[in-house]
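Let me begin by presenting the structure, written as structure tokens, before commenting on it.
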Amino acid sequence: MVQALIRKSACVADLKKRAKRRIPKFAFDYIEGGCNSELAIKNNREALDDVFLRPEYLQSYNKPELGIELLGQKYSAPFGIAPLGLTGLVWPDASAMHARAALKSNIPFVLSTVSTISIEDAAKNAKENFWFQLYPPADEEILDDMLDRLRKVGCQNLVVTVDVPTPSRRISAIKSGLAVPPKITLKSILESVVRPQWSINTVLAGLPQFATLRPYIKDATNIEDIATFIRVTLRDVVDENTLKSLRKKWQGNLIIKGISHADDAIAVKELGADGIIVSNHGGRQLDASLPPAETLSEIIDSVGSDITVMADSGVETGVDIARYLALGAECVFAGRAFLYGVAAHGEQGAEHSIDLLKDELEQVMSQVHCGIPGLMHQHLE
């Protein structure tokens, strides 16, 4: 870990503060914001803070090994980079930075359908650590083509998000004028002017575009065409029939993201999914949602050990990762922490955020005398 970065940003909270100073308010609001009254974000935090760990000080001590095997592949840590949309709005080339950092650190990298680099570029940067998150398009031909592109780049893990049947209502984004796709307004220009480093980098890189979707949009330079495509063609409600159809089309690992209770988890298992990510979308979709930290153990009990159960939402520290592991998650995903990293320090920040979480997780595991992530459940108080 670079000591100069440690002095500037010793934790994710420091990354967040520095990011706020370096990027326009509308971009920071996009990262930080939740839906409606943002109660789900608050509840995620409180639920994780209510998870306590039990140290075993008198038991034999082994230096923690963070490596795991997940869905047939070995990784160097039990956490990954969650799918992040509109990353180029936060910092130019952010997703490519995340992909390269994930490969270097050997953790999973999940590309969002609405990220700002293409499937092909992400796979080139993340290589065997590349996963893809799918918002299934209503157009079957587009869906089939996207799946074919994923096969061609060797993607093995398809993450289907089910918890976005409708766009969320994010008050901070409404107030800032941020739309999908983003529109240039006088307010956004003024906010950009006072963040010159972000503005210069963005001008040099060009306005962010939905690179994976570009081949399917009639005029990718026309904001209205892009907006219509996202509203009408891209977003299709995902239900059990959708997942059954995808299971037939996709021969790799099928992971369902956005599961929040046992009934849906059991249904997903029965239709042949390989994995589940217990999540409430980081508090960005349903303000009255249950925090994953409260539902994870029940979901694991309901599906047993023959399906991989992972978790995300609310992860701000390595301690939070340890908490989810103690609740039974096999891998934990974080999103905002990694966006704060690139917003704070660019390419170095992508690696630094991973290093911070690794160091914090290793310290917690060492403190409670846990040698491997799979034994963290033994330390749940």
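Coordinate-derived values only; no laboratory data. Only a predicted model underlies this, so the values are computations on that prediction, with no experimental measurement involved. For neighbour counting, all protein chains shown are included, and Cβ atoms are generated from backbone atoms with ideal geometry for every residue, glycine included.
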* In terms of Cα to Cα distance under 17 Å, which lysines are near enough to Lys257, apart from those fewer than 8 places away along the same chain? -> Lys244, Lys269
* Ellipsoid semi-axes in whole angstrom, largest first, where each is sqrt(5λ) of the Cα gyration tensor of region 203-316 -> 32, 19, 13
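Efficiency by 1/(1 + (r/R0)^6): what FRET value for Thr233 and Leu204, r their Cβ-Cβ distance, R0 = 35 Å, to the nearest 0.05? Don't skip to the answer; put the middle values down first.
Details: r = 31 Å, r/R0 = 0.88.
The formula returns an efficiency of 0.70 here.
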* Could you list which residues have their amide H under 5 Å from that of Ser115, counting only those 5 or more apart in sequence or on another chain, with H placed in the peptide plane? => Leu86
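Could you work out how much longer the chain between Glu140 and Ser37 gets when fully extended? Use 0.36 nm per residue separation minus the Cα distance between them, nm to one decimal. Could the numbers behind the result be given before it?
Values: separation 103, 0.36 × 103 = 37.08 nm, distance 3.62 nm.
Computed gain between Glu140 and Ser37 is 33.5 nm.
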* Simple spin-label model, 7 Å along Cα-to-Cβ: Asn241 to Arg54 in nm? -> 4.8 nm
* To do: Find, to one decimal place in angstroms, the Kirkwood hydrodynamic radius of the chain, where the mean of 1/r is taken over every pair of different Cα atoms and then inverted.
  => 20.9 Å
* Within straight-line cross-link reach of Lys17, lysines at Cα separation under 23 Å, skipping those fewer than 8 residues along the same chain -> Lys8, Lys25, Lys42, Lys175, Lys187, Lys358
* To do: Using a cut-off of 11 Å between beta-carbons, work out the net charge of the residues near Glu294 (Lys and Arg +1, Asp and Glu -1, Glu294 not included).
  => -3
* Structure fact -> Note: probe point = Cα of Asp306 + 7 Å toward Cβ; backbone nitrogen < 18 Å; residues of region 69-100 passing the test are 71-72
* Compute the distance in nm between two label points, each set 7 Å from the Cα along the Cα-to-Cβ direction, one at Lys104 and one at Gln378. => 3.5 nm
